[in-house]
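Asks: So that we are looking at the same thing, I have put the structure below in structure tokens.
The values are calculated or read from the model by the stated rules, or taken from the named source; none is laboratory data. Just so it is clear, the model here is predicted, and its values are computed rather than measured. Cβ: placed from backbone, ideal geometry, glycine included. Neighbour counts: every protein chain shown. Only protein heavy atoms, including side chains, enter the accessible area calculation; ligands, DNA and RNA are left aside. Shrake-Rupley method; radii C 1.70, N 1.55, O 1.52, S 1.80 Å.
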Amino acid sequence: MTDNTHNNNAHLNQKPTINGHLQDKLVRDSITHNQNITAQVQARQSYENNTTLNTGIDAGIENSKRNDFTQVQDLPTGTPQGQQTTMPNHTTSNNANSDTVDNTSAQTQTAKQTLFNQRDDINNPHTPDTDGNEETHFGYKTVNKAEKQARVADVFTSVAKKYDIMNDLMSFGIHRLWKRYAISLSGVRAGQHVLDIAGGTGDLAKVFSREVGRNGHVVLSDINAAMLEVGRERLINAGCNNVDFVLANAETLAPFDDNSFDLVTISFGLRNVTDKDAALKSMYRVLKPGGRLLILEFSKPVFEPLSKAYDLYSFTALPIMGKLIANDSESYQYLAESIRMHPDQQTLKQMMQQAGFENCDYHNLTAGIVAVHRGFKA
């Protein structure tokens, strides 16, 4: 009994010492482990910070988070689907200022390559330096050419959110039939490349997306960021995953290579272009040989009594509806005036021919209130 009691007491006396050593070891291990983790985190943060400074990832992440097309500088600068571009190795997003783009463009043109920057493409080609005090029309007003692009931009930025509603109200829904007829003349087929200029809210591009299918591509372009934002949201929500959205000026179509598209369309946009002849030549340039141009635009009624009633409606009802629906009567006053200043059917056909198009024709809709012009590139 005495030996057993002695042994048990010895065991009990040793237990706190063993537990103390074990606890100390666990604490030391824990501290070491935490120090290792802290060192790894700090090393990782240092690496990421250095990488961010070297590559500009922060700016890219910030742009991707915003990506709301509310400002021109927020727009992505990716390559439109189906378009081949060559970017020189020494050109980076950090130094692609206007001087770099201009110098590089000259070099690549010499090498028969294409360089573009979407932010630069919407620059106004008409400035006091290029056009002086040369004037053009803005509705019934006369303005300097250098002013018109900004004025038109103000109009469509103002009406963008209500554009589709107003189209339905102003045309009593008939604009959908006009667009459907234009699409029927397009001859678009699966696998083709389509450019919809001034495509705005994407009515035509949505249909073309379905028609060209998985192997085809559609580019919805517009000069106005607010309109492009509305179209982008609509088409993405509709599941159109073969469509790109590109800010582009119809007069230059700078982002796009020569001979790139099987079909080019512009729907209710040509009348807002400052230099229509330049726009038609650019459309001819980007079309492939055998490609087709379709222009859907308001025109001149061929039935005189209808013309008078149409004028009365345009200059009274449209501004009133614009005020009530979009809280903007002046923009719709301009839209009515711009229709009257647009070339008539025969004049526009001749302009297309002068730009190089062949087999040009036009189709009057609703007694000439709207016309679809069609031309082909040889």
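Asks: Being within 20 Å of ALA190 (Cα to Cα) and in contact with a Pro (Cβ under 7 Å, 6 or more places away or on another chain) is the filter here, so list the residues in region 217-269 that pass it.
Replies: Listed by number, the residues that qualify are VAL219, ASP244, ASN259.
Asks: Now for a separate question. Here's a check for you: in region 178-193, which residue that is touching a residue at least 40 places away in the same chain (Cβ under 8 Å) and in a helix (DSSP H, G or I) is surrounded by the most Cβ atoms within 10 Å (Cβ to Cβ)?
Replies: Checked region 178-193; the qualifying residue surrounded by the most Cβ atoms within 10 Å (Cβ to Cβ) is ALA182.
Asks: To continue, here is another question. May I ask you to list the residues in region 269-304 that are crowded, with 21+ Cβ neighbours inside 10 Å, in contact with a strand residue (DSSP E or B) (Cβ under 8 Å, 6 or more places away or on another chain) and in a loop (DSSP other than H, G, I, E, B)?
Replies: GLY269, THR274, SER299
Asks: So, in region 194-223, of the ones that are open to solvent by 10 Å² or more (accessible area, probe 1.4 Å), over 18 Å from VAL286 (Cα atoms) and not in a helix (DSSP H, G or I), which residue ends up modelled with the lowest pLDDT?
Replies: ARG214
Asks: Right, something else. Among the residues in region 227-240, are any at pLDDT 90 or above and within 20 Å of ALA371 (Cα to Cα)?
Replies: Scanning region 227-240 turns up no residue that is at pLDDT 90 or above and within 20 Å of ALA371 (Cα to Cα).
Asks: Here is a further query. Please enumerate the residues belonging to region 342-351 that are touching a helix residue (DSSP H, G or I) at 6+ places or on another chain (Cβ under 7 Å) and in a helix (DSSP H, G or I).
Replies: Start the filter on region 342-351 by keeping residues that are touching a helix residue (DSSP H, G or I) at 6+ places or on another chain (Cβ under 7 Å), which leaves 342-343, 351.
Residue satisfying the conditions is MET351 alone.
Asks: Quickly run through region 282-309 and pick out the residues that are closer than 16 Å to GLN192 by Cβ and either in contact with a Phe, Trp or Tyr (Cβ under 8 Å, 6 or more places away or on another chain) or among the acidic types (Asp, Glu) (or both).
Replies: Residues satisfying the conditions are VAL286, LEU287, LYS288, GLY290, GLY291, ARG292, LEU293.
Asks: Continuing with this model, one more query. Tell me, yes or no, whether region 323-334 has at least one residue that is outside any strand (DSSP E or B) and in contact with a Cys (Cβ under 8 Å, 6 or more places away or on another chain). It would help to see each step written out before you state the result.
Replies: Our first condition is that a residue be outside any strand (DSSP E or B); within region 323-334, this holds for 323-334.
Okay, now just the ones that are also in contact with a Cys (Cβ under 8 Å, 6 or more places away or on another chain), so none.
No, because not a single residue in region 323-334 is outside any strand (DSSP E or B) and in contact with a Cys (Cβ under 8 Å, 6 or more places away or on another chain).
Asks: Within region 352-371, is even one residue open to solvent by 40 Å² or more (accessible area, probe 1.4 Å), assigned to a helix (DSSP H, G or I) and not polar (S, T, N, Q)?
Replies: Looking for residues that are open to solvent by 40 Å² or more (accessible area, probe 1.4 Å), assigned to a helix (DSSP H, G or I) and not polar (S, T, N, Q), one finds none in region 352-371, hence no.
Asks: Given the structure, is GLU229 within 16 Å of TYR163 (Cβ to Cβ), open to solvent by 20 Å² or more (accessible area, probe 1.4 Å) and either of a type in the set (Asp, Glu) or assigned to a strand (DSSP E or B) (or both)? Let's see the steps before the verdict.
Replies: On the way: within 16 Å of TYR163 (Cβ to Cβ): yes; open to solvent by 20 Å² or more (accessible area, probe 1.4 Å): yes; either of a type in the set (Asp, Glu) or assigned to a strand (DSSP E or B) (or both): yes.
Against the criterion (within 16 Å of TYR163 (Cβ to Cβ), open to solvent by 20 Å² or more (accessible area, probe 1.4 Å) and either of a type in the set (Asp, Glu) or assigned to a strand (DSSP E or B) (or both)), GLU229 qualifies.
Asks: Being open to solvent by 50 Å² or more (accessible area, probe 1.4 Å) and among the acidic types (Asp, Glu) is the filter here, so list the residues in region 332-351 that pass it.
Replies: So the first thing to find is which residues in region 332-351 are open to solvent by 50 Å² or more (accessible area, probe 1.4 Å), and the list is 333, 341, 344, 346-347, 350.
Once the filter is applied, which keeps residues that are open to solvent by 50 Å² or more (accessible area, probe 1.4 Å) and among the acidic types (Asp, Glu), region 332-351 yields only ASP344.
Asks: Condition (residue is surrounded by fewer than 23 Cβ atoms within 10 Å (Cβ to Cβ), under 18 Å from VAL152 (Cβ atoms) and among the β-branched types (Val, Ile, Thr)) applied to region 251-267: is it met by at least one residue?
Replies: yes
Asks: While we're here: Looking for something crowded, with 21+ Cβ neighbours inside 10 Å and within 16 Å of MET352 (Cα to Cα) - is there at least one such residue anywhere in region 236-247?
Replies: Within region 236-247, not a single residue is crowded, with 21+ Cβ neighbours inside 10 Å and within 16 Å of MET352 (Cα to Cα).
Asks: If we keep just the residues of region 316-329 that are within 19 Å of ARG151 (Cβ to Cβ) and within 26 Å of the chain's Cα centre (by Cα), which is most open to solvent (accessible area, probe 1.4 Å)?
Replies: Only one residue tops the list, namely ASN327.
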